[in-house]
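Please read the structure below before turning to the comments.
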Amino acid sequence: MKLELLKKKFTGKRILITGNTGFVGSWLSVLLHLMGAKILGYSLKKKDKRFLSNTSEFKKKIKTIYSDINNFDKNLNKIKKFKPQIVIHLASQPLVLESYINTRKTYATNIMGTVNFFETIKKINNISKVIVFTSDKVYRNLEGKILSEKSNLGGIDPYSASKSCQDIISNSYKSCFLKKNVDLTILRAGNIIGGGDWNLYRLVPDIFKSIKNNKKIIIRNPNAVRPWQHILEILNAFILILLNKNSDNAEIFNIGPNLNSNVSVIKLIKLIKKTGRFKNLNIKIKKNLKYESKILRLSNLKASKKINYKTKLNLKESVKLTIEWYKNYFLNRNIIFKYTQKQITDYFNK
Ligand SMILES: NC(=O)c1ccc[n+]([C@@H]2O[C@H](COP(=O)([O-])OP(=O)(O)OC[C@H]3O[C@@H](n4cnc5c(N)ncnc54)[C@H](O)[C@@H]3O)[C@@H](O)[C@H]2O)c1
């Protein structure tokens, strides 16, 4: 749907987003702001200055309460005052490796944070829609089987286990506490690529940091296959879900790329190297002794039938957009907020 048409639907809508300072949340905030929505964010501040949420334009346009998700209820009055109609929950510790190092904190944020999130929003009237963003890692992965929304849950590493719990807790709140007219959707997405991700232990940020610093990239699982998809495709899924009216039960949607975008880590690196002509990008493989699933493949069938979700980008186009974003950032970081808006506008007007 073109941006002008979306503006008609979203202008003046009051949307609360937890985790809006991160990679996914900042793109989502910029999109919804472009469409005329009023945003209130609730997140910890990203310490890394390179995040989009630390640009002056972002801070000017998107009001954010900087606080821990486990203090969400302490901010009830401020949140009530904003009168949110839609609430999107992204705030999480999102990294598998970090979850091995800070396991208790990962569970506190992802599990009790979600409980706290629902305990608070159940006290707010006039919310019509809640979206919780979990992950393809919620599934008990059967290594290679294409996962549908009906596949069994059961993440193994601490991050994945916490996201499985987040998913179950959300469903439970919908069944037991949320009013009938509050619509809950759980979105389970695969690995997201795109500009503006500066998180540690993630492939794409690691690649661009290595290129910039002329250092070898260290990879842990060269043959792990993941459903790589561009952040703009995820934004499109959010829009379709926001426009969709659910039945009485919670709706769950997998959002993944076309199956030929399910490639290994090493293949993705080679594609980035070739497309960006990064001759100095060299790889060092470090054995990983921690459990991470080897193959993750998601089926989009339900989303394509029910909300008409179609991928617009193939892997090569997603890689190109990602490279262009980082190249622009390294050329002139002062234009990056506007450049992000441009990538969003071009995608939705495509
Ligand atoms: N990036 C991906 O490939 C991907 C794939 C599937 C799902 N997800 C999910 O998307 C969401 C966002 O991930 P991301 O990639 O943008 O990561 P990110 O680290 O860039 O963003 C995480 C956000 O959560 C906030 N947060 C973390 N701990 C918090 C706490 N204790 N209290 C309040 N806020 C807190 C951060 O401040 C930040 O705004 C997460 O729920 C993640 O599980 C991400």
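The values are calculated or read from the model by the stated rules, or taken from the named source; none is laboratory data. Just so it is clear, the structure is predicted and the values come from calculations on it, not from any experiment. Don't worry about glycine lacking a Cβ; one is built from the backbone with ideal geometry, like all the others, and counts go over all protein chains shown.
Tabulated data for the structure shown
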| quantity | calculated |
| --- | --- |
| Criterion violated by ILE234 - all others in (1) farther than 19 Å from SER148 by Cα; (2) touching a residue at least 40 places away in the same chain (Cβ under 8 Å) satisfied | (1) |
| Top-ranked residue of the stretch 1-27 - restricted to ones that are more than 11 Å from the chain's Cα centre (by Cα) and assigned to a helix (DSSP H, G or I), ranked as nearest to ILE344 (Cα to Cα) | LEU3 |
| Hits in the stretch 48-65 - residues which are within 13 Å of the ligand (Cβ to nearest atom) and over 19 Å from the mean Cα position of the chain (by Cα) | ILE65 |
| Unique residue being surrounded by 23 or more Cβ atoms within 10 Å (Cβ to Cβ) and either over 25 Å from VAL30 (Cβ atoms) or more than 21 Å from the chain's Cα centre (by Cα) (or both) when the list is VAL138, VAL115, VAL182 | VAL138 |
| Given (1) more than 19 Å from the chain's Cα centre (by Cα); (2) farther than 25 Å from THR340 by Cα, index of the condition PHE253 fails | (1) |
| Matching entry among ASN288, ASN282 (being out of contact with any Pro (no Cβ under 9 Å at 6 or more places or on another chain) and over 23 Å from GLU317 (Cα atoms)) | ASN288 |
| Subset of the stretch 38-77 [among the charged types (D, E, K, R), more than 19 Å from VAL115 (Cα to Cα) and not in a loop (DSSP other than H, G, I, E, B)] | LYS38, GLU57, LYS59, LYS60, LYS61, LYS63 |
| Verdict on SER172 being among the hydroxyl-bearing types (Ser, Thr, Tyr) and under 30 Å from LYS209 (Cβ atoms) | no |
| The stretch 32-54 residues that are free of Cβ contacts under 8 Å to residues at least 60 places away in the same chain, paired with ones that are basic (Lys, Arg) and within 7 Å of the ligand (Cβ to nearest atom) (beta carbon under 7 Å, 6 or more apart) | SER53/LYS46; ASN54/LYS46 |
| Residue within the stretch 323-340 that is surrounded by 13 or more Cβ atoms within 10 Å (Cβ to Cβ), among the acidic types (Asp, Glu) and modelled with pLDDT of 95 or more present | yes |
| Pick from the stretch 313-327, criterion out of contact with any Gly (no Cβ under 8 Å at 6 or more places or on another chain) and free of Cβ contacts under 8 Å to residues at least 60 places away in the same chain, ranking: farthest from LYS270 (Cα to Cα) | ASN314 |
| Within the stretch 78-108, considering residues that are of a type outside the set (A, V, I, L, M, F, W, C), within 14 Å of the ligand (Cβ to nearest atom) and not in a helix (DSSP H, G or I), the one surrounded by the fewest Cβ atoms within 10 Å (Cβ to Cβ) | ASN102 |
| Only one of LYS338, LYS310 that is free of Cβ contacts under 8 Å to residues at least 60 places away in the same chain and either at positive phi or out of contact with any Pro (no Cβ under 7 Å at 6 or more places or on another chain) (or both) | LYS310 |
| Of all residues in the stretch 25-38 being within 24 Å of LEU76 (Cα to Cα) and surrounded by 24 or more Cβ atoms within 10 Å (Cβ to Cβ), the one that is nearest to the ligand (Cβ to nearest atom) | GLY25 |
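A quick yes/no check of all residues on (1) in contact with an Asp or Glu (Cβ under 8 Å, 6 or more places away or on another chain); (2) farther than 28 Å from SER148 by Cα; (3) among the hydrophobic types (A, V, I, L, M, F, W, C):
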{"residue": "ASN260", "(1), (2), (3)": "no, no, no"}
{"residue": "SER264", "(1), (2), (3)": "no, no, no"}
{"residue": "LEU268", "(1), (2), (3)": "no, no, yes"}
{"residue": "LYS273", "(1), (2), (3)": "no, yes, no"}
{"residue": "GLY276", "(1), (2), (3)": "no, yes, no"}
{"residue": "ILE283", "(1), (2), (3)": "no, yes, yes"}
{"residue": "LYS286", "(1), (2), (3)": "no, yes, no"}
{"residue": "GLU292", "(1), (2), (3)": "yes, no, no"}
{"residue": "LEU296", "(1), (2), (3)": "yes, no, yes"}
